[in-house]
1. Given (1) more than 28 Å from P105 (Cβ to Cβ); (2) in contact (Cβ under 8 Å) with a residue 12 or more places away in the chain; (3) not small (G, A, S), where does Y72 come up short, assuming only one miss?
2. May I ask you to say which residue of R30, R42, R35 is out of contact with any Leu (no Cβ under 7 Å at 6 or more places or on another chain), free of Cβ contacts under 8 Å to residues at least 12 places away in the same chain and part of a helix (DSSP H, G or I)?
3. Which one is modelled with the highest pLDDT among residues in region 97-125 that are surrounded by 14 or more Cβ atoms within 10 Å (Cβ to Cβ), within 17 Å of L3 (Cβ to Cβ) and among the aliphatic types (A, V, I, L, M)?
4. Take G34 and decide whether it is out of contact with any Gly (no Cβ under 8 Å at 6 or more places or on another chain), small (G, A, S) and surrounded by fewer than 12 Cβ atoms within 10 Å (Cβ to Cβ).
5. Go over the candidates L103, L81 one by one and state the one that is over 22 Å from V28 (Cα atoms) and not small (G, A, S).
6. Here are L66, L99, L92: which of them is part of a loop (DSSP other than H, G, I, E, B) and hydrophobic (A, V, I, L, M, F, W, C)?
7. Got a number for residues in region 2-27 being surrounded by fewer than 16 Cβ atoms within 10 Å (Cβ to Cβ) and assigned to a helix (DSSP H, G or I)?
8. Of everything in region 22-49, what is under 30 Å from W63 (Cβ atoms) and in contact with a strand residue (DSSP E or B) (Cβ under 7 Å, 6 or more places away or on another chain)? Give them in sequence order.
Amino acid sequence: MNLYAFYGNDFTVECPTGSGNRMTLFEVAREVAGRLTRCFLRDEQGARPVHGAAGKFQSDPHWRDLILFYEYFHGDSGAGLGASHQTGWTGLVAPLIRLFGFLDPAEMLARGITAAFQTETAGRS
């Protein structure tokens, strides 16, 4: 995001690598954040990839909305692996959802990196 604020829309990179698709650094950051958040959000069948094959967490109404922040994740399925009580880097998914829900790339270029930290109150007074 810092580099996007500096380089703007003129600097693009290939994302994903080998695809031929060019994106700004804002778009790449949004893509990476989206990949991470999709592990925690329900898919078309109502299952959360983070819960993997754990039926209790997938379908039991008392457990299905309990989100665990795992130590690491399966590279293909997104299922949580390792310790399930981690609140370190995986806990960053909540601020990422909030950030990309409010922040507009044009606003970031106009106001700089501080726009990322003033997203909720911008234009709402």
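1. For Y72, the failing item is (2).
2. None of the others qualify; the one that does is R35.
3. Here the answer is L109.
4. no
5. Within the list L103, L81, the selection yields L81.
6. L66
7. 7
8. C39
The values are calculated or read from the model by the stated rules, or taken from the named source; none is laboratory data. Keep in mind that this is a model prediction, so the values were computed, not measured. Positions of Cβ are backbone-derived with ideal geometry, glycine not excepted, and every protein chain shown enters the neighbour counts.
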